[in-house]
Amino acid sequence: MNIQNYLLCLPAFLTVAFGYFSPYHHRIALKIQELTPGMPQPAFTLRDYQQDAVDATLKHFRSSDDPAVIVLPTGAGKSLVIAELARLARKRILVITHVRELVEQNHAKYAALGLEAGIFSAGLGRKEFSHQVTFASVQSVARNLTSFADTFSLLIIDECHRVGEDEDSQYQQVIRHLRTHNPGLKVLGLTATPYRLGYGWIYRAHYRGFVRSEEPRVFEKCIFELPLSHMIRNGYLTPPEVIDAAIAHYDFSSLSPSDNGHYPERELNSLLARHPRVTRAICEQLEELAQAREGVMVFAATVAHAHEIGGYLPADQTAVITGETPGDERDRLIGMFKERKFKYLVNVAVLTTGFDAPHVDLIAILRPTASVSLYQQIVGRGLRLSANKKNCLVIDYAGNGFNLHHPEVGTPKPATDSEPVQVFCPGCGFANIFWGKTDDTGQVIEHYGRRCQGLLEMEGEKPQQCDYRFRFKECPHCGAENDIAARYCQSCSEAIIDPDDLLKRALQLKDARVIRCAGISLSANNECVTVTYHEEQGEELRERFHLDRPAQRAVFNSLFGRRCNAGTSPRQFRTASDVMAVQHLLPAPDFVIARQSGKKGRQAGYWQVRERLFDYQGAYRKANEM
């Protein structure tokens, strides 16, 4: 065997054990290409972060079968990462996504390497499944599972945030079918938006050492992530310039979105029909701003709205695409827009993924959405690089109000003035990111975090989430701390009384008193601390704690010391002076329940506090809420 043939065979020997190159094998392969000029050369060179994503995938699957996620912003070149992974693979690979445009795009990047792959997509009129690498639509595969009876080593899912836990979904059908033929199937997802409205994060743990979800997820771990700010700062994406819609805007605040963030079309049309002048004024502003722009994408709320917008914009420079547009006509219009034969492209929910027109430099959002993922996908249409393109104007006429660089922290925004804040865990020191509020100096004055997101690495054991809870419900049976929404204790499995049931029963009793607590005040006399609970209408309840008595001191610390400063600075108070020094950091319960004691009906009787409900989440209104 001559040296050239030996070098050509070397990668195969290196990959027998697993079926992939390691990063070291990848460098050997590049050296082989230098020494063997007759071999096909890659049509592109991976950027550093793309190579890092590939290396992270190889490293993860070499030691684990857990499903994994790669998070790359729109425009970061996920299809190139997919192509490289498919090129390095030595066993059968299936790449699926939900739209034919992405199937075609991913296949094209792989074909650019000079390699052959199959396409299995009814929308593209091809059903090829005998190649080592197959690019497919999930719909076509789910309807033809018997065609995929061979063993696949890796399933790659593009736009994987669409994968849910519903066992009857097409994605789950495909995963379940492939695992029947290979229980060790590797599953890799790629997305720019790793969360879904009403569901939260799509993976459980992050490779940087924190937890995104306490509940099981389809994907166990995010193994690589690149923030949008990095892409912009390093010149890989065009900087977005978000400007206020000063001329006119819509007010969709009276409408309620569905669980997936969409708004009812009938209600949208009804609202929009009452404000034709707003639409006209918006279009007039767009025309003015577009004079110095190359390509404008307009995202409309409904089909009727899209046609209304198209009617106000220059007819010879505008095209409208909706779900009702025939496929051939849609392809023709998209092609003309990419060739810059007209400037304005108006669409309704059909060009948020799988659409690539780098010259777009103005994004106009005229539709409401409660989905941060959709918002990011829309803005991402204008961030790709193009010659002489300095920035991309983004105008949100619908008042969606998302922060493009800090779009989500895993839970819905609890209040309009909430922002991401950093909260350190007193238990493990992890820097959590929660929704919260800050003062004028930037200091955190309130946060809504429940449990530390830190991931603790134990030698020889699987990493575990830190068990420190900023907000908790104490089990009355064993004293263990549980999530504030828990119905059963995680430690002893006993039922925990529902706070709504507790309030309902108390309100029905003649000798019980319930107040909505708007705040507390403290006073001290020697070692006796008096806590006064103030009701929003001015009524009060009081209770005393003698801190020189161990039992009462333990109760006070359990109620207030443990929750000091929203759980970020737990204290074990020993004296009344210690308490009074930090009384401004002690929390007020949301409800206080008292029962009448002593001689009932006489002045000698008094109200004895029995329950204090902290961090209440239920059906009853809290103080100072409308």
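Quick notes on this structure:
- Residue tally, condition surrounded by fewer than 17 Cβ atoms within 10 Å (Cβ to Cβ) and either over 26 Å from Leu197 (Cα atoms) or basic (Lys, Arg) (or both), over region 429-463: 16
- Candidates Arg204, Arg176, Arg208 - the one that is among the basic types (Lys, Arg) and under 14 Å from the mean Cα position of the chain (by Cα): Arg204
- Of all residues in region 604-626, those being exposed (fewer than 15 other Cβ atoms within 10 Å of the Cβ) and among the aromatic types (Phe, Trp, Tyr) number 1.
- Among the residues making up region 124-141, those that are within 33 Å of the chain's Cα centre (by Cα) and free of Cβ contacts under 8 Å to residues at least 40 places away in the same chain are Leu124, Ser140.
- Residue in region 311-329 that is of a type in the set (Phe, Trp, Tyr) and under 30 Å from Ala136 (Cβ atoms) present: no
- Ala111 being out of contact with any strand residue (DSSP E or B) (no Cβ under 9 Å at 6 or more places or on another chain), buried (at least 23 other Cβ atoms within 10 Å of the Cβ) and hydrophobic (A, V, I, L, M, F, W, C): no
- Being under 27 Å from His60 (Cα atoms), touching a residue at least 60 places away in the same chain (Cβ under 8 Å) and either part of a loop (DSSP other than H, G, I, E, B) or among the aliphatic types (A, V, I, L, M) (or both) is a property that holds for Val174.
- Screening the candidates Ala149, Ala192 for the property of being touching a Pro at 6+ places or on another chain (Cβ under 6 Å), surrounded by fewer than 22 Cβ atoms within 10 Å (Cβ to Cβ) and either more than 23 Å from Thr353 (Cα to Cα) or at pLDDT below 95 (or both) yields one hit, Ala192.
- Qualifying residue in region 472-479 (condition: touching a strand residue (DSSP E or B) at 6+ places or on another chain (Cβ under 8 Å), basic (Lys, Arg), touching a residue at least 12 places away in the same chain (Cβ under 8 Å) and part of a loop (DSSP other than H, G, I, E, B)): no
- In region 177-199, of all residues being touching a residue at least 24 places away in the same chain (Cβ under 8 Å) and either basic (Lys, Arg) or in the same structural domain as Ala370 (by TED's automatic domain parsing) (or both), the one that is farthest from Ile157 (Cα to Cα) corresponds to Arg196.
- Residue check for Glu329: more than 24 Å from Gln291 (Cα to Cα), at pLDDT 90 or above and assigned by TED's automatic domain parsing to the domain that holds Gly295: yes
The values are calculated or read from the model by the stated rules, or taken from the named source; none is laboratory data. This is a predicted model, so every value here is computed, not measured. Counting neighbours? That spans all protein chains shown, and the Cβs are built from the backbone with ideal geometry, glycine included.
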